[in-house]
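Just below is one structure, and these are the notes that go with it.
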Amino acid sequence: MDGIIDMHTHYLPRHYTDALKQHIPGDPDGWPTPAWNEQVTLKFMKKQHISYSLLSLSSPHFNFGNKDETLAIARDANEVGADLTQRYPNQLGYLASLPLPYEQESVQEIDWVLAHRARGFTVPTNTRGLYFGTPIFDRVYQQLNQAKAIVALHPNQPAALPQNVNIDLPTPLMGFFMDTTMAFMNLLKYHFFDRFPDIKLIVPHAGAFMGILADRDAMFVKSAYRSDLYAAMRHVYFDTAGAVMPRQLPMLLTLADQQHIMYGSDIPYTDLATSSKLLAVLVNAEMGKAARQMTAVNALQKYDAFFEKHHQFKQLPTLLQIASQMMTGAEVLTPALKQAILRDNARQLLTS
């Protein structure tokens, strides 16, 4: 694991894709199901200097209402993951899938996959309207906590969508962020982090809307749920799958533990060319441009007397400073922080 570590990348076992075709007309979530085999991932890794990728299933979750089918898809996906891990042990690992909402069967699957090379687990934000964190799955959480498991939360289509608005907008563009945020709030409501502190939960896509909503919701969470939203944000892990620069990642860094943020490509659902460009933004981010802009902003200090006299303009330097930081984003990515996000944080989590 000397190169970049990809904590959010997907595989598509045949049994899973066949079920999608059978049960969902058109594109699932309004997003095309990509073609995939392990060579797609391995070639992308080689080109982008990624040394290790952690595979998982994406959305939609594979419970289509038939219990036997759900159990079969979960086991098949985990067998495929175990086989890939055995064939490429230094390059590929997998996060096991669970046949939620079937609690007893999910507990049994946890035992099976831990004996079959799983590096952790992936769970949907909701499955058939039942959200992760809800006490109905307590036995599953207890088992995961006992194993001190890595658990990656993956967004699913929200249990209910607004009607007659944005009907042609693919779910990943907004619905995934909504469902991730709602699931996180659900975890706070049921004191998930207090009750199961040894689960290493990864929240995808740089925390979805939590960076924006934290200050708005923290007081309510403390009053109504008796939970500490800020402490939870520092407790969990995050990946950077998607377009997190120049604004979302710097905002997240004001709330999260910097040692808990890890790279994710989201291939092949994010196409390889786009993923390459997004990775390049992180790899090539540098402070020169940001520093030059900040020097220009700081030069406004010599006009302090003007701003004191004209109060309507007093906040201008502060606003320009904030705008400069948010527009460049690179200012926060020191060489040490880039290395931590791209490699060191994931390596520490995987080996802890």
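The values are calculated or read from the model by the stated rules, or taken from the named source; none is laboratory data. A quick note: this is a predicted structure, and the numbers were derived from the prediction, not measured. A quick note on method: Cβ atoms are made from the backbone with ideal geometry, for glycine too, and the neighbour counts reach across all protein chains shown. Heavy atoms of the whole protein, side chains included, go into the accessibility calculation; ligands, DNA and RNA do not. Shrake-Rupley method; radii C 1.70, N 1.55, O 1.52, S 1.80 Å.
Structural remarks
- For the stretch 79-91, filtered to residues that are free of Cβ contacts under 8 Å to residues at least 40 places away in the same chain and surrounded by 18 or more Cβ atoms within 10 Å (Cβ to Cβ), the residue that is farthest from G3 (Cα to Cα) is A82.
- Restricting the stretch 228-256 to residues that are open to solvent by less than 10 Å² (accessible area, probe 1.4 Å) and touching a Lys or Arg at 6+ places or on another chain (Cβ under 9 Å), the residue that is nearest to V283 (Cα to Cα): A256
- When N186 is tested against (1) without any contact (Cβ under 8 Å) to a residue 40 or more places away in the chain; (2) in contact with a Phe, Trp or Tyr (Cβ under 9 Å, 6 or more places away or on another chain); (3) polar (S, T, N, Q); (4) surrounded by fewer than 20 Cβ atoms within 10 Å (Cβ to Cβ), exactly one condition is not met: (1).
- Scanning the stretch 103-125 for residues that are among the hydrophobic types (A, V, I, L, M, F, W, C), surrounded by fewer than 23 Cβ atoms within 10 Å (Cβ to Cβ) and in a helix (DSSP H, G or I) returns V107, I110, W112, L114.
- Summed over the stretch 71-97, residues that are β-branched (V, I, T) and under 16 Å from T9 (Cα atoms) total 2.
- Conditions (1) without any contact (Cβ under 8 Å) to a residue 40 or more places away in the chain; (2) over 23 Å from R247 (Cα atoms); number of the one not met by F193: (1)
- Test: residue in the stretch 218-226 that is open to solvent by 20 Å² or more (accessible area, probe 1.4 Å) and either hydroxyl-bearing (S, T, Y) or in a strand (DSSP E or B) (or both): yes
- For the stretch 1-35, residues that are among the charged types (D, E, K, R), at pLDDT below 95 and touching a strand residue (DSSP E or B) at 6+ places or on another chain (Cβ under 6 Å) total 1.
- Every residue from the stretch 29-78 that is open to solvent by 50 Å² or more (accessible area, probe 1.4 Å) and among the β-branched types (V, I, T): T33
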